[in-house]
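A short write-up of the structure that comes next.
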Amino acid sequence: MQTNLNSVWGVRLATFAVSAVAAASAAYWGLKVWGASQPSRAGMVAIATASPVDPQALAQVLGGGAMALASNAAAATVASTQYVLVGVVSDSASGGAALIAVDGQPAKPFRVGATVDGRLLLKSVTVRRAVLATALDAPSEIALELKVPDK
């Protein structure tokens, strides 16, 4: 019985390719599972040496130049002078975040539940609105809205 050498090499190459893909997949998932629990030193150095974010540039990206609008007239006077909503990031998983300028200071990012000033915290965030209250389960005290951009 004679064997065709060309067909043997095809099977060998196909077997090698499948084995290489299986080994690469096993290595990838192994690093995902066991490598995730131990942070790498290179990542820590990159985080430590990262340049700070320019608040004005971030405010422009998130719709800068917006004015604060409040739900009633008394809160509108206080909110317009003390709180300015610069931008929002609405996220259903983490609740979102908002860029809020307090007392004329540069805008800072606040996550839902974070204290904005001494007594108010960010209660909720929607697409163009941020609500401040004394507690997450308390009624809303100030509602800040982004200005609709001019077209």
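The values are calculated or read from the model by the stated rules, or taken from the named source; none is laboratory data. Computed from a predicted structure; not experimentally measured. Don't worry about glycine lacking a Cβ; one is built from the backbone with ideal geometry, like all the others, and counts go over all protein chains shown.
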3 or more residues closer than 30 Å to Ala130 by Cβ and at pLDDT 55 or above: qualifying helices (runs of 4 or more DSSP H) within the range 1-105: 55-61
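Return the total of residues in the range 127-147 being surrounded by 13 or more Cβ atoms within 10 Å (Cβ to Cβ) and either touching a helix residue (DSSP H, G or I) at 6+ places or on another chain (Cβ under 9 Å) or more than 18 Å from Val88 (Cα to Cα) (or both).
6
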Residues (surrounded by fewer than 12 Cβ atoms within 10 Å (Cβ to Cβ) and under 20 Å from the mean Cα position of the chain (by Cα)) located in the range 100-125: Thr115
Some residue of the range 105-114 being out of contact with any Leu (no Cβ under 9 Å at 6 or more places or on another chain) and touching a residue at least 60 places away in the same chain (Cβ under 8 Å): no
Residues of the range 118-151 that turn out to be among the charged types (D, E, K, R) and under 18 Å from Gly96 (Cα atoms), as a count: 5
